[in-house]
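Reviewing the structure listed below.
The values are calculated or read from the model by the stated rules, or taken from the named source; none is laboratory data. In this text the structure is predicted, and so the values were computed from the model without any measurement. Methodologically, a virtual Cβ is constructed for each residue, glycine included, from the backbone with ideal geometry; neighbour enumeration extends over all protein chains shown.
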Amino acid sequence: MKDLLPVLQTLVWPIAIGLFLWWNKKAFLRVVAALTRRIEEGAPVKAGAVEIGAAPSLPTVPKETDPRQIDELPHDIYMVHAARRDRTLDSGDYEYYRLRIFLEADAPERLDEVAAVTYRLHPTFKDPIRSVTDRKSNFELRTAGWGEFNMTAEISFKGGKKLVVERYINLPGSAA
């Protein structure tokens, strides 16, 4: 019995709090629901020195205006991508991925007609408009990012024609 006394003393407060919450569970659930709703709406909750805020918001990005018309499907050249998680690039609350974005074609020799590709990434990227002229890599662009976005590629052909294609850049493990 003497060995049981410290154990019982340790359990008194957790049991008392549990009984109190069970006895007042409706009121407790209303408080939790109200706090959750307030945090989801982005309003901070303060209780003394403790402050609970909403998840950090993403940086505001001005609405991008892209005057180019996306060419109708189907077309024989398209943009593809691969994304791989890289924890060494993580910053703050953002999980970064290495991105490879490149062209493929129904007939690979069709890419021989391409002079350059101008990729238009999300405006949060540093230098969001990038040009690539390396045919050997299928006009591959390598970069890193933390979120999903739509992007376009303006494909310039050697004869002067242009084709604009679009792709949604999704990340592994995301429901797309």
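For segment 67-104, give me each residue that is assigned to a strand (DSSP E or B) and either buried (at least 17 other Cβ atoms within 10 Å of the Cβ) or touching a His at 6+ places or on another chain (Cβ under 7 Å) (or both).
Just the residues of segment 67-104 that are assigned to a strand (DSSP E or B), to begin with: 77-85, 91, 94, 97-104.
Once the filter is applied, which keeps residues that are assigned to a strand (DSSP E or B) and either buried (at least 17 other Cβ atoms within 10 Å of the Cβ) or touching a His at 6+ places or on another chain (Cβ under 7 Å) (or both), segment 67-104 yields 77, 78, 79, 83, 97, 99, 100, 101, 102, 103.
Looking at residue 49 and the list (1) modelled with pLDDT of 75 or more; (2) closer than 30 Å to residue 38 by Cβ, which single condition is not satisfied?
(1)
Consider segment 145-161. How many of its residues are more than 18 Å from the chain's Cα centre (by Cα) and surrounded by 12 or more Cβ atoms within 10 Å (Cβ to Cβ)? Give the derivation first.
First pass over segment 145-161, keeping only residues more than 18 Å from the chain's Cα centre (by Cα): 153-161.
In the following step, the residues that additionally are surrounded by 12 or more Cβ atoms within 10 Å (Cβ to Cβ) were identified as 153-157.
Result for segment 145-161: 5.
Any chance you could count how many residues in segment 120-142 are under 19 Å from the mean Cα position of the chain (by Cα), within 16 Å of residue 167 (Cα to Cα) and in contact (Cβ under 8 Å) with a residue 40 or more places away in the chain?
Qualifying residue count for the region: 5.
Surrounded by 11 or more Cβ atoms within 10 Å (Cβ to Cβ), acidic (Asp, Glu) and at pLDDT 95 or above - does that describe any residue in segment 131-144?
yes
Identify all residues within segment 123-173 that are closer than 25 Å to residue 112 by Cβ and in a loop (DSSP other than H, G, I, E, B); write none if there are none.
Across segment 123-173, the qualifying residues are 133, 134, 138, 139, 140, 158, 159, 160, 161.
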